[in-house]
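Take a look at the structure below.
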Amino acid sequence: MTISPVVRSTLPGVGVCLLAAGVSYAVSRVVPGASALIVAIVLGVVVTNTVPIPTALTGGIDFSAKKLLRAGIVLLGLQVALTDIAGLGVPVLIVVAGIVAGGLLGTLLLGRLLRVPAGLTLLIACGFSICGAAAVAGAAGVTDPDDEAEQDTVTAVALVVIFGTLMIGLIPLASALLGLDPRIAGMWAGGSIHEIAQVVAAGGIIGGGALTVAVVVKLARVLLLAPVMAALSVRERRLSRLHRTDGPSRRHLPPIVPAFVIGFMLMVLVRSFVPVPEPVLAVGGAVQTTLLAAAMFGLGCGVRLRSLLRVGARSFALATLSTLLVTGLAYVGVTLAA
């Protein structure tokens, strides 16, 4: 059996990313509150900024950062059961929709006011409002299919890691200072923190049953990834038609609904209406974590600290204001809906 040259050139880098994912998962099991995804990103940043990455690995690392990440997003759907989401009640679901919509629109407006590049602003808006790095990469796959602005993706992911990690400690602390009961505090954590793993860590710190409701609220935000990506795809197609040319510079048209979004929704339906055995869900969760961690390592390998320092104060200001906006919307919403 012969292996094609493309596959042969990709395998070494993919293998390294999967190895890094395994190491990250092991660290997350040993260190309380550590997320395998965050560990993988940090590991990728450390590696790429301390040792030269061989050219033979770059193709596979790039493949992992894009293709494995989308596969991980598909499997992420197995975590979302529509019955659990519906159990939150209509008022909370309206709040979740308001958090995502308000976070997206508000961040876009803030980015325009701060004169942050539109592409980077959109990625920050998606990452901070929906589900962190997965939303950033998903939006980049729709709006930048030819990877012409890959540095924006890397920057947005790095900002998600920085600010989401800070929220792990700040939300439980703020909840205690405000005297919130565990259920409301958990809803606040799920409605405001960027990554699922970060929500789990914060919910565990809050305690008293906060973890379960925090995760369900967060998964309700994750569910909105599908319609937002579909809307972005329609927007990109319209923009492509407006700037259409007959020459080679014609922009690549994304599908109306990206394949990974369809896969994500199919997995949601499977989880919601098919009696999937717990061992299968456990294996699916482990594979999803592995794929996303491998992708995060790949994205981390694209983070050059010198380049990140050149991002400028405006992008960090936008990330700060977006975090405050989403956190504020979540707090007001959950306290009114409770």
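The values are calculated or read from the model by the stated rules, or taken from the named source; none is laboratory data. What you see is a predicted model, and the numbers here were worked out from it, not measured in a lab. Every residue, glycine as well, gets a Cβ built from its backbone with ideal geometry; the counts of neighbours run over all protein chains shown. In case anyone asks, the SASA skips ligands and DNA or RNA and just uses the protein heavy atoms, side chains included. Shrake-Rupley method; radii C 1.70, N 1.55, O 1.52, S 1.80 Å.
Between residue 269 and residue 94, the contour length at 0.36 nm per residue exceeds the Cα-Cα span by 60.9 nm. Kirkwood's formula applied to the C-alpha pairs of the stretch 1-73 gives a hydrodynamic radius of 13.1 angstrom.
Note that the stretch 18-94 presents 49 Å² accessible area per residue, ligands and nucleic acids not counted, probe 1.4 Å. Between residue 86 and residue 49, the FRET efficiency from the beta-carbon distance, with R0 = 45 Å, is close to 0.50.
Over the stretch 56-209, what relative contact order in percent results from Cα pairs under 8 Å that are six or more residues apart? Can you show the working numbers first?
Values: 129 pairs, mean separation 29.0, N = 154.
Rounded, it is 19 percent for the stretch 56-209.
Note: relative contact order over the chain, using C-alpha pairs below 8 Å and six or more positions apart, is 35 percent.
Sorted by mean Cβ packing within 10 Å, highest first, what order do the peptides 165-171, 53-59, 272-278, 7-13 take? Walk me through the intermediate numbers first.
Details: 165-171: 19.9, 53-59: 13.6, 272-278: 9.9, 7-13: 16.3.
Result, highest mean first: 165-171, 7-13, 53-59, 272-278.
Ranked by the mean number of other Cβ atoms within 10 Å of their residues, highest first, the peptides 72-84, 192-204 fall in the order 192-204, 72-84.
Surface composition of the stretch 62-161: carbon and sulfur atoms hold 66% of the protein heavy-atom accessible area at a 1.4 Å probe.
Long hydrophobic helices in the chain: the complete DSSP H runs spanning 27 Å or more by Cα along their own axis with mean Kyte-Doolittle hydropathy of at least -1.0 are 5-30, 90-114, 150-178, 278-300, 313-337. Projected label points at residue 306 and residue 148, each 7 Å from Cα along the beta carbon direction, are separated by 2.7 nanometres.
Multiplying the residue separation of residue 8 and residue 314 by 0.36 nm and subtracting their alpha-carbon distance yields 106.0 nm.
Treating r as the C-beta distance of residue 238 and residue 332 and R0 as 25 Å, the FRET efficiency rounds to 0.15.
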